[in-house]
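The values are calculated or read from the model by the stated rules, or taken from the named source; none is laboratory data. From a predicted model like this one, the values you see are computed outputs, not experimental measurements. So basically every Cβ, Gly included, is an ideal-geometry build from the backbone, and we count neighbours across all protein chains shown.
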Amino acid sequence: MIPLQSNSETPFPSIIADLLGLDASEPAVLIVLSVVAAGVIATVLLTMTAVLGIWGKRKITAAFTDRIAVNRHGPYGLLIIPADAVRLLSKELIVPSEVDRPAWDLAPLIIASSALLGFAVIPFGHGLQLADPEIGLAYVFAVASIASLGLLMAGYASNNKFSFLGGLRAVAQNLAYEIPLVITGASVVIFAGSLRMSTIVEVQQQTLVSLGGIAIPSWFAFVNPFAFALFLIANLAEVGRNPFDIPEAPTEIVAGYQTEYSSVYFVLIYLGEFIHIFLGGAIIATIFLGGASGPVLPGVVWFFIKMISVYLFTQWARSAVPRVRVDQLIQIGWKGMLVLSFANLVLTAVIVGVAAA
Amino acid sequence: MSNPWIAIGALALVALAIPLSMMAVSSLLRPSVPEQGKRAVYESGEVPTGDTRIKFNIQYYMVALLFVVFDIETVLIFPWTVIYQDAVANVGLAEALVPMLAFIGILVIGLGWAWRNGAVKWVRSPRAQAQRVEQ
Amino acid sequence: MVVDIAGFQVADWVALVPSLILGVTAMLLFIVDSIEPRPGTSSNTVLAGLSTLGALGAFLVAGYFLVLGVGQPRGTGAVDLFNGQLVVDGMSLFFVVIVGSVTALVTLASYDYLEGQEYQAEYYGLVIMAATGMSLMASANSLATIFVSLELSSLPSYALVAFLKKNRGSVEGGLKYLLVGALSSSVLVYGISLVYAASGSLQLNAVADALAGGSSVPVGILGVGIIMVLLGFAFKTASVPFHFWAPEAYEGAPAPVSAFLSSASKAAGFVVAFRVFLTAFPEVGGLAGGDPMVDWVTAVTVLAVVTMTVGNFAAATQEKVKRMLAYSSVGHAGYALIGLAALNAPDQGFVLGASMMHLLVYGFMNTGAFLFIALTEHWGIGRTFQDFNGLSTQAPLACAAMTVFLFSLAGLPIGGGFISKLYLLAATAQAGSWLLGAALIVNSALSLFYYSRVVKAMWIEDPSADLEVDSYPSSLYAAVVIAAFVTFALLPAFGLLSPSAFDAASVLFG
């Protein structure tokens, strides 16, 4: 079996270096190879977003509402993907009057870039990981939350009341659920004893129990299902999907912070949101679902299966769960999730401590 | 050891280059037909009324203040979680756990106080209160 | 880690109990406010009682530790906590005594002052929180803990100054205080970062060790850093150049808060300044002999003379009593700075000890003076000198107490202020710094002029027709009388306390 981890701090660029017979300890070589590796990972993500965001989303929603959805262009309507890409990029960019120009232009850029940036430390398996710094988990939380800055900028700069409310709601929501998310993540770190993503995955490969000859690995979702549930809910709020989609809330405030965006800017925001959902899925797959591990199939495939499962979960929630009101959102966040996540942290610490002592 | 931040920096470069190149491609493709009517901000098809910089609920601000407190505290909890197991092994359960319990306890008192004084309860504006239809 | 306190082997953090008492009291106040039947209905009596008990507890335990010899050479020796981030020694306990006693007086007086006000629990919570910060400042032994504890004492103070939400003066003072505080905090942080850049360490002893090497220290960076740190502390002690918040903040704030800030907060600022400059930068300043690398002693001398002069001259021109007291408090910061400015003296422990004793006496007489103002505000008497005309016909006891405070502040032999100023003068004489000595004498003489204006108004002028005192709030009165008694008692009892100050001070000079 191919080992899941690589021993380098920059696994993926080093692997390319080995393939090409180059010396990765040379900074110049490393920089070039890193850009190549980053390009590969970004391309994979963009492809995924194109397939699942443009085509998959419509098919899934249609299935929930008993419709057919796109089926005219190519097999299963798949050619809608290039068609939509060209259509959206070639639309006129309408700049509303009195928008706050630099902020309005920067917001889509921030939303799209920050989501991509989080994938730098995600271990897709077999060394397909751009970098493996010691503080991987803290980094990924930090980068993922940059997006709320972009959302606020978009909402404030658009000079539109709906956008303004959407931006405020987005920030209030991200603030309320960021802390349960991070605290629950911290409770996982108590088990792993490290913030390094590869170590967190490695720790989960040990066998938890053997049931009838089948070894169940100690994925943290099995070890601490309560934390897993909390994290899953907080993640829904973090990526702004039902029941926590009040920043966009199409039936209340049109499209929230993105009301005034069109053409390529809309594409970027849309892209950023989807990559953000995948990032959430990747974090969950890494810290709760054992990363790139599983029987029969290669690890990378398993990783994508896990990641896309989380995506499907968000799509299910989008179609099946009603939206909460803003006051309920704040109450659930600050009175429910926060207290539960602290309880989870303390309980985990006590149990781990008693077991270790 | 190679520095992991070089690779992360490379991704940052790529993550900026892709959106920027999309913007560039789009600016080549898209038409530009400026017209006054298009530039009006969207208000459900009506003519926009008043200023956008409206008064908004003070609660957004209260929540942000609470967040600052708790966010800094998560930063302080993270290092503790990393060394927790080693600490239990080296200095025993009490010394590793009790200080953090005291720390979280102080926060919980603060949260309880804020909760009790309505910092996390969504306040309704007097006007909204007046328009409310009682069930 | 185990230390021996009064024959008991206890964990070393027990030495920090005075600060812990304050912290726990603050938590209890918040709990009391959270479990009240309806929001905003906590009993003023419970809150004031709890706060006063907590502050009194910190004061008593710190005093008891001082007597037992905790943290002092004759007892346990300085107790290092958390890898030297905090230290409990004679000086820290001495200042916890000051902070604890001032806080107790203030919370006692606040009981009457806050009668009928909103947000009482918040008020007491913030006061005790700030007191916790101040007591931690006395123990902080690393630039990081110093900054954190300094902010812990500053942030509640901003809110306290603006406590009277519907009073323009209070809000204006609070805002001004906040803005100057933010500016000076950033100056302080920047100075700390430069010191860190020059020495590679935040812990004060480690800074001193790193700087002792000499040749490889970047003097330019270090010099700018030290000056900026000094300016940061100037804010906390209300010294020039960051003194201009003081008049507005003290005048606008509720009078008990003014008392608290001008006494306890100032003392805490001084203890931090003492500890930083004497633990981290003695060699840099040439105190250990040899040429100074960065001559901060001269810088402090300049600051001290300017602060005294600015404070007293400005006070002499005021028309409002509270504002006059505010400026005089700036002047007293200048006197206390002598403790750092006159360190060229052969007996450095005496110089610093004199300054510490002055801060102790000042804690009582100045708190008392501001609490008297609180009393007049309670009676609804105006703020100018004329408004005090003939007050002694209505409230002789309070006016007698105020007279003791004012004359003691001026340095007349009616209270402890006389001896502490005498000691400060002796310190300047020892150092041969005639400039400082002359400034001290001239300014004290000037201060006698404006202090006696109040006394003259109270005792000699005829009362105006509508002057009427209708109530005698017991706790406010009690606080004023206690402060007056202690101020007066410190005249004969000065010698009982001064040895502990001199011992605590001389330890810092190894």
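Remarks
- The residues of region A:145-156 that are surrounded by fewer than 24 Cβ atoms within 10 Å (Cβ to Cβ) and assigned to a helix (DSSP H, G or I), listed by number, are A:Ser148, A:Leu149, A:Leu152, A:Met153, A:Tyr156.
- Odd one out for C:Leu47, checked against (1) closer than 20 Å to C:Ala479 by Cβ; (2) away from chain B (no Cβ under 14 Å); (3) at pLDDT 85 or above: (2)
- Search result, residues across region C:456-510 that are closer than 23 Å to C:Phe385 by Cβ and without any contact (Cβ under 8 Å) to a residue 40 or more places away in the chain: C:Lys456, C:Ile460, C:Ala465, C:Asp466
- Filter result for B:Met23 (assigned to a helix (DSSP H, G or I), facing chain A (nearest Cβ under 9 Å) and modelled with pLDDT of 80 or more): yes
- Scanning region A:187-215 for residues that are among the small types (Gly, Ala, Ser) and away from every other protein chain (no Cβ under 14 Å) yields A:Ser210, A:Gly212, A:Gly213, A:Ala215.
- Checking each residue in region B:1-49 for being of a type in the set (Gly, Ala, Ser) and more than 26 Å from A:Gly118 (Cα to Cα) picks out B:Ser27, B:Ser32, B:Gly37, B:Ala40, B:Ser44, B:Gly45.
- Of C:Val171, C:Val207, C:Val180, C:Val106, all but one fail to be touching a residue at least 60 places away in the same chain (Cβ under 8 Å), over 30 Å from B:Trp113 (Cα atoms) and in a helix (DSSP H, G or I); the exception is C:Val207.
- Qualifying residue in region C:86-100 (condition: surrounded by fewer than 24 Cβ atoms within 10 Å (Cβ to Cβ) and among the acidic types (Asp, Glu)): no
- Only one of the numbered conditions (1) in a loop (DSSP other than H, G, I, E, B); (2) surrounded by 24 or more Cβ atoms within 10 Å (Cβ to Cβ) is violated by A:Leu128, and that is (2).
- Residue in region C:19-36 that is modelled with pLDDT of 80 or more, under 19 Å from C:Tyr64 (Cβ atoms), among the aliphatic types (A, V, I, L, M) and buried (at least 21 other Cβ atoms within 10 Å of the Cβ) present: yes
- Residue in region A:160-176 that is more than 11 Å from chain B (Cβ to nearest Cβ) and not aliphatic (A, V, I, L, M) present: yes
- Of all residues in region A:323-357 being more than 11 Å from every other protein chain (Cβ to nearest Cβ) and within 22 Å of the chain's Cα centre (by Cα), the one that is nearest to B:Leu93 (Cα to Cα): A:Met337
- Listed by position, the helices (runs of 4 or more DSSP H) contained in region B:29-134 that have at least 3 residues being under 20 Å from the mean Cα position of the chain (by Cα) and surrounded by fewer than 17 Cβ atoms within 10 Å (Cβ to Cβ) are B:59-91.
- Residue under evaluation A:Phe164, criteria (1) within 18 Å of A:Tyr265 (Cβ to Cβ); (2) in contact (Cβ under 8 Å) with a residue 60 or more places away in the chain, criterion not met: (2)
- Filter result for C:Ala504 (crowded, with 19+ Cβ neighbours inside 10 Å and of a type in the set (A, V, I, L, M)): yes
- Residue match in region C:170-177 (condition: over 17 Å from C:Leu303 (Cα atoms), surrounded by fewer than 19 Cβ atoms within 10 Å (Cβ to Cβ) and either in contact with a strand residue (DSSP E or B) (Cβ under 9 Å, 6 or more places away or on another chain) or among the small types (Gly, Ala, Ser) (or both)): no
- Check on C:Val240, surrounded by fewer than 24 Cβ atoms within 10 Å (Cβ to Cβ), out of contact with any Asp or Glu (no Cβ under 7 Å at 6 or more places or on another chain), more than 20 Å from C:Val96 (Cα to Cα) and modelled with pLDDT under 90: yes
- Residues of region B:95-122 that turn out to be free of Cβ contacts under 8 Å to residues at least 12 places away in the same chain and aromatic (Phe, Trp, Tyr), as a count: 2
- Going through (1) modelled with pLDDT of 80 or more; (2) away from chain B (no Cβ under 12 Å); (3) out of contact with any Leu (no Cβ under 9 Å at 6 or more places or on another chain) one by one, A:Thr43 falls short only on (2).
- Within region C:139-153, tally of residues that are closer than 26 Å to C:Tyr111 by Cβ and buried (at least 24 other Cβ atoms within 10 Å of the Cβ): 1
- Scan of region A:85-107 for residues that are in a helix (DSSP H, G or I) and at the interface with chain B (Cβ under 7 Å from one of its Cβ atoms), ordered by number: A:Leu89
- Test: residue in region A:74-83 that is touching a His at 6+ places or on another chain (Cβ under 9 Å), within 14 Å of chain B (Cβ to nearest Cβ) and either under 12 Å from A:Tyr265 (Cβ atoms) or outside any helix (DSSP H, G or I) (or both): no
- C:Ser135 touching a Pro at 6+ places or on another chain (Cβ under 9 Å), of a type in the set (Ser, Thr, Tyr) and either assigned to a helix (DSSP H, G or I) or within 23 Å of C:Gly225 (Cα to Cα) (or both): yes
- In the set A:Thr259, A:Thr184, A:Thr251, only one residue is within 14 Å of another protein chain (Cβ to nearest Cβ), farther than 30 Å from B:Ile104 by Cα, surrounded by 21 or more Cβ atoms within 10 Å (Cβ to Cβ) and among the hydroxyl-bearing types (Ser, Thr, Tyr); that residue is A:Thr259.
- Test: A:Leu116 is modelled with pLDDT of 85 or more and touching a Pro at 6+ places or on another chain (Cβ under 9 Å): yes
- Out of A:Val70, A:Val29, A:Val51, sole residue that is free of Cβ contacts under 8 Å to residues at least 24 places away in the same chain and under 25 Å from A:Val264 (Cα atoms): A:Val70
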